[in-house]
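*Asks:* Can you read through this structure? Questions will come right after.
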Amino acid sequence: MAKVLVVDDDATVREVVVGYLRNAGHDVHEAVDGAGALEAVRSAAPDLLVLDVMMPGIDGLEVCRRVRRHSDVPVVLLTALGEEQDRVVGLEIGADDYVTKPFSPRELVLRVDSILRRSSGGAEVGVPSVTVDGDLVVDRDRRRVTLAGREAQLTGREFDLLAFLAARPGIAFSRDDLLQQVWGWSFGDQSTVTVHVRRLREKVEADPTTPTRLLTVWGVGYRWEPQA
């Protein structure tokens, strides 16, 4: 059972989401605005946030930004269909996933469960628990990354993406491949991958504008280039 915090100022949406998540076996807490969300994160220490973007006062993007200052708890954003810029900004400030309104509550539950499974550190068959690549060390069991002896602060999805690629050096993956293998989506917005790649480069590359590890394969997608 995971502790999930649902934050939405729309009582109807909140009731539906809470009901589906509880039926899926989760311990669900609620907040009706951004201030309540920040207090609940401090007091309840949830395992995951489902966070509406458009709220009066402190909106969902600002809540996510503040949470990321001290926590890597997974965040799923609820956004309106036309709010593409909000979705991109949300991913850039550290959200792990998003679902667009109107949405299927069952799809939301599947997204939540997928993130929780990965964040629990389940092992991949045939993949070593630790990958050492030059001065970069990826520890899957501890979900910890160190670069030149210093711990890198990654979100859950950033870690998943890095761990997947670093364990498969030299193989080019399309954005669709990565959506399926890392996000567990059968379809989705490829910009999600693009944003996460950009954020990951900022954390593991000496010069993110000229990457040597996480390379773009033009016309295909991305590949991990091992370091000597």
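*Asks:* Which of (1) surrounded by 18 or more Cβ atoms within 10 Å (Cβ to Cβ); (2) touching a helix residue (DSSP H, G or I) at 6+ places or on another chain (Cβ under 8 Å); (3) farther than 28 Å from residue 19 by Cα does residue 203 not meet, given it meets every other one?
*Replies:* (1)
*Asks:* Select from segment 25-54 the residues that are open to solvent by 30 Å² or more (accessible area, probe 1.4 Å) and hydrophobic (A, V, I, L, M, F, W, C) and list them in ascending order.
*Replies:* Of everything in segment 25-54, those that are open to solvent by 30 Å² or more (accessible area, probe 1.4 Å) and hydrophobic (A, V, I, L, M, F, W, C) turn out to be 32, 35, 45, 54.
*Asks:* What are the pairs, 6+ residues apart or on separate chains, where a residue within segment 86-101 that is closer than 13 Å to residue 191 by Cβ has its Cβ under 6 Å from a residue that is among the β-branched types (Val, Ile, Thr) and assigned to a loop (DSSP other than H, G, I, E, B)?
*Replies:* Once the first residue is closer than 13 Å to residue 191 by Cβ and sits in segment 86-101, its partners that are among the β-branched types (Val, Ile, Thr) and assigned to a loop (DSSP other than H, G, I, E, B) give 86/53.
*Asks:* Also, quick follow-up: Being open to solvent by 10 Å² or more (accessible area, probe 1.4 Å), touching a Lys or Arg at 6+ places or on another chain (Cβ under 7 Å), over 25 Å from residue 25 (Cβ atoms) and not aliphatic (A, V, I, L, M) is the filter here; which residues of segment 67-120 pass it?
*Replies:* Matches in segment 67-120: 92 only.
*Asks:* Turning to a different aspect of this structure: Can you name the condition, by its number, that residue 6 falls short on among (1) β-branched (Val, Ile, Thr); (2) assigned to a helix (DSSP H, G or I); (3) buried (at least 18 other Cβ atoms within 10 Å of the Cβ)?
*Replies:* Looking at each condition in turn, residue 6 falls short on (2).
*Asks:* When you look at residue 179, is it in contact with a strand residue (DSSP E or B) (Cβ under 7 Å, 6 or more places away or on another chain) and without any contact (Cβ under 8 Å) to a residue 60 or more places away in the chain, yes or no?
*Replies:* Spelling it out, it is not the case that residue 179 is in contact with a strand residue (DSSP E or B) (Cβ under 7 Å, 6 or more places away or on another chain) and without any contact (Cβ under 8 Å) to a residue 60 or more places away in the chain.
The values are calculated or read from the model by the stated rules, or taken from the named source; none is laboratory data. The structure displayed is predicted, hence computed values, not measured ones. Note that we place each Cβ from the backbone using ideal geometry, even for glycine, and neighbour counts take in every protein chain shown. Accessible surface areas use protein heavy atoms only, side chains included; no ligands, DNA or RNA. Shrake-Rupley method; radii C 1.70, N 1.55, O 1.52, S 1.80 Å.
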